[in-house]
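Data block below; observations after.
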Amino acid sequence: MPTTPLQRLLFAQGGDCFFCRKKLGKAEASVEHLVALTHGGRDNDENCVACCKSLNSLFGRMSLKEKLQIVLNQRGNFMCPASAAATSASSTAPSSKPCAKKSRTHAERFGLVLADLQKRGNAKPGTVEKLLNTIKSHMTSLGEPESEADTLLGELRAQNFVGVEGEKVSYSLPDRGAT
């Protein structure tokens, strides 16, 4: 019998991501607390699922209601941010058959921006102008419209991941892979 929580969850889920049902390698897998520990959730198999690190990062300290809203916004065809990023990377390779570009949802774009900021460590933008330019640049590199940058910044502020005082920006991002 698998011994670590992640091993147990992956075994119980047949090696699939709880949300998108795609095969999940151990390197990409993390434990997602459905009810975050910061919201009184327990650290046990009844409250935990295995999912990709990117999605776990997106969910951060969200309430169960907020997490369910993101899942429901996918309208039955859930695609986690890791799959969306992989799809974007592979779409740049030459293909013999044309395919329609599937636009990411707002939640997916938000997750990708959040993950990008987390990856930057101490090199995160220090002013509102630089942060907006960073978000616009990231959206453009993913083939997404940069016009949503203001909305994404507003959501980062609403979830208290970003604070703004004057033109200065401070961060309180969730740990990568933590809820």
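The values are calculated or read from the model by the stated rules, or taken from the named source; none is laboratory data. Predicted model only: the values in this text are computed from it and were never measured. Neighbour counts are summed over all protein chains in view; Cβ atoms, including those assigned to glycine, are modelled from backbone coordinates with ideal geometry.
Here is a list of conditions, (1) farther than 12 Å from F110 by Cα; (2) out of contact with any Gly (no Cβ under 8 Å at 6 or more places or on another chain), and V169 meets all of them except one; can you say which number that is?
Evaluating V169 over (1) farther than 12 Å from F110 by Cα; (2) out of contact with any Gly (no Cβ under 8 Å at 6 or more places or on another chain) leaves (2) as the failure.
Among the residues of the stretch 22-30, is any under 19 Å from A158 (Cβ atoms), surrounded by fewer than 18 Cβ atoms within 10 Å (Cβ to Cβ), at pLDDT 85 or above and not assigned by TED's automatic domain parsing to the domain that holds E108?
Within the stretch 22-30, not a single residue is under 19 Å from A158 (Cβ atoms), surrounded by fewer than 18 Cβ atoms within 10 Å (Cβ to Cβ), at pLDDT 85 or above and not assigned by TED's automatic domain parsing to the domain that holds E108.
Going through the stretch 1-37 one residue at a time, which ones are within 21 Å of M62 (Cβ to Cβ) and assigned to a strand (DSSP E or B)?
Those that are within 21 Å of M62 (Cβ to Cβ) and assigned to a strand (DSSP E or B): A29, S30, V31, E32, H33.
Of the numbered conditions (1) without any contact (Cβ under 8 Å) to a residue 12 or more places away in the chain; (2) surrounded by 13 or more Cβ atoms within 10 Å (Cβ to Cβ); (3) in contact with a strand residue (DSSP E or B) (Cβ under 6 Å, 6 or more places away or on another chain), L156 satisfies every one except a single condition; which is it?
(1)
Please tell me if V113 is in contact with a Phe, Trp or Tyr (Cβ under 8 Å, 6 or more places away or on another chain) and at pLDDT 70 or above.
No, not satisfied.
Taking the stretch 120-149, which residues are exposed (fewer than 14 other Cβ atoms within 10 Å of the Cβ) and out of contact with any helix residue (DSSP H, G or I) (no Cβ under 7 Å at 6 or more places or on another chain)?
R120, G121, N122, A123, G126, T127, E129, K130, S137, S141, S147 - these are the residues of the stretch 120-149 that are exposed (fewer than 14 other Cβ atoms within 10 Å of the Cβ) and out of contact with any helix residue (DSSP H, G or I) (no Cβ under 7 Å at 6 or more places or on another chain).
Which of the following residues is in contact with a His (Cβ under 8 Å, 6 or more places away or on another chain) and modelled with pLDDT under 80: N47, N77, N73?
N73
Of all residues in the stretch 116-151, which are free of Cβ contacts under 8 Å to residues at least 24 places away in the same chain and either more than 19 Å from S170 (Cα to Cα) or not in a helix (DSSP H, G or I) (or both)?
Listed by number, the residues that qualify are R120, S137, T140, S141, P145, E146, S147.
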